[in-house]
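Read the structure below first, then the notes.
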Amino acid sequence: MDSADVVIVGGGIVGSSIAYHLTAAGCGNVLVIERESAQGKGSTGKSMGGMRAQFSTPVSIRMSLYSIPFYASFEERLGHPADYRPQGYLFCATSEKHLAYLRANQEKQIALGLKNVRMVSAEEIRRQFPRLRADDIVGGSFCPTDGFVDPYSAMIGFMTWAADHGAKLWKNTRVTDIRRDAQGIAAVETSRGTVATRAVVNAAGPWAAEVAAMAGVDLPVEPLRRMLVPTEPFDQFPHTSPMIIDMSNGFHFRPEALGFLLAWNDPEEKPGFKTDFDPAFIEKILTRAADRVPVFENLAVNPKRAWAGLYEMTPDHHPILGPAPGVPGLFLANGFSGHGVMHAPATGKILSDLILTGKTDLVDVSLLGLARFAENRLIEETAVL
Ligand SMILES: Cc1cc2nc3c(=O)[nH]c(=O)nc-3n(C[C@H](O)[C@H](O)[C@H](O)COP(=O)(O)OP(=O)(O)OC[C@H]3O[C@@H](n4cnc5c(N)ncnc54)[C@H](O)[C@@H]3O)c2cc1C
């Protein structure tokens, strides 16, 4: 029978970052199990690659304050590019309520150590982006170290480093069951046989609830379809622009290759494992795009290049991290609610700390435990795009 010190279920960016952090901390026998023939076929390969510290809760902000410098120095640390582009996030407020919200968030971010986030006036936004329709914009907030990464490249970088330093990756292998004994976790059953282990990490992305159920754990993580529309090459808006968020309706966009990548959270979307792209979405999003950026009326879109993936949603839009109550040896790294790429470095560090030493000083991890739902201690993150 095979054995491992730690088995990680799922080889997306979260499982890969955990494998990297465990291996870098000296854990010699880490096994990542991925059911697909290649990594990145889950949410990671569908991501928009956005990364920001502009959140509303201390725990989300702290996770970004670890992750952003990590991505900025990724190539030096791992010898592999993550393609960090610090072009910033610009939130554009269209009401005094939104502006007060951004100001309150900014105060929290600065208090926690983010140096360069600042409020911007409507006039400054108008000056910098004259092609934005700004008649209703009352101001905003901007952080220049927010930006974008290449999720696929970062995932491969994490896993390659881990594999070069002793971790193993089994592709084409499905975890089918998790076995327990009197001590806790005893083994995982896979399509390639049984693996004896005392520690299992659930890093199964949108499929996390299914994997948790194998160990008898009820996990409130639901898949929610999310669609992205890349445009054809377009040069009538600057390619140096940040991620720009229209707070009146949540529409946001960023430069991507020679065109732009358009995103909008359709409130009509219902939870479920739907990954087909709905062509009707194109008109919905282009209407919002042209409303905020009138020259976007001239955008060309090839529907065949648009795609859909799954967010892994929790009821309070924070991840569920740490040991599963009542199942010694089972660890959860799930429910990133749209932030799993940007928070993968922090998650890897937190999980590695918890598995190897039983504690972490990166965040107060009791806030993120599964027990918060049963104990009614939800910590709502409202800055969700
Ligand atoms: C359209 C879209 C845009 C997004 N934009 C952003 C963004 O801008 N910034 C950001 O930070 N996040 C973004 N996200 C969210 C982000 O992509 C996810 O939170 C992140 O990729 C989750 O990574 P993961 O490794 O947990 O999951 P995944 O990448 O889904 O990996 C989980 C893996 O587990 C495997 N697996 C599942 N069950 C089993 C099993 N039984 N046995 C073996 N393997 C199994 C799956 O095959 C999969 O490869 C976006 C998501 C989508 C869909």
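Give me S366, S248 sorted ascending by neighbouring Cβ count inside 10 Å, so fewest comes first.
Numbers: S366 10, S248 16.
Taking fewest neighbouring Cβ atoms as first place, the list is S366, S248.
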Q: Would you mind checking which residues have amide H under 5 Å from F336's amide H? H placed 1.01 Å from N; only 5 or more apart, or other chain.
A: E312
Q. Using the alpha-carbon atoms, what tilt in degrees (0 to 90, nearest 10) does helix 280-292 show relative to the longest principal axis of the chain?
A. 50
Q. Between the helical axis of 344-357 and the dominant principal axis of the chain, each derived from Cα atoms, what acute angle in degrees is found, rounded to the nearest 10?
A. 30
Q) Along the Cα-to-C-beta direction of R126, a point sits 7 Å from the Cα; which residues of region 229-247 have their amide N less than 12 Å from that point? A) none
(Q) For the chain, take the longest principal axis of its alpha carbons; what is the angle in degrees between that and the long axis of helix 58-72, to the nearest 10 within 0 to 90? (A) 90
Q) Among K168/K349; K46/K171; K46/K97; K46/K274; K46/K284, which pairs are too far apart, with a Cα-Cα distance over 23 Å? A) K46/K97
Q) Once fully extended, how much extra length lies between S73 and D235, figured as 0.36 nm per residue of separation less the alpha-carbon to alpha-carbon distance? A) 55.3 nm
**Q.** Cα centre as origin, Lys/Arg/Asp/Glu Cβ charges: the chain dipole, Debye
**A.** 280
Q | Spatially proximal aspartates and glutamates relative to K304 (Cα-Cα < 16 Å; intrachain offsets below 8 disregarded) | A | E232, D276, D278, E283
Q: Can you tell me which of 42-50, 12-20 comes out highest on packing, and rank the rest after it, using the mean Cβ neighbours within 10 Å?
A: 12-20, 42-50
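From the helices alone, meaning DSSP H stretches of at least four residues, give me the mean residue ellipticity at 222 nm for the chain, per-run term -39500 (n - 2.57), in deg cm²/dmol to the nearest 500.
Result for the chain: -8500 deg cm²/dmol, rounded to the nearest 500.
For E96 and D2, FRET efficiency with R0 = 45 Å and r from the beta-carbon atoms, rounded to 0.05?
Values: r = 60 Å, r/R0 = 1.34.
Step by step, r from the Cβ atoms, then E = 0.15.
Laboratory data are not the source of any read-out in this text; all were calculated from the coordinates shown. This is a predicted model, so every value here is computed, not measured. Here Cβ is always computed from backbone atoms with ideal geometry, including for glycine, and neighbour counts include all displayed protein chains.
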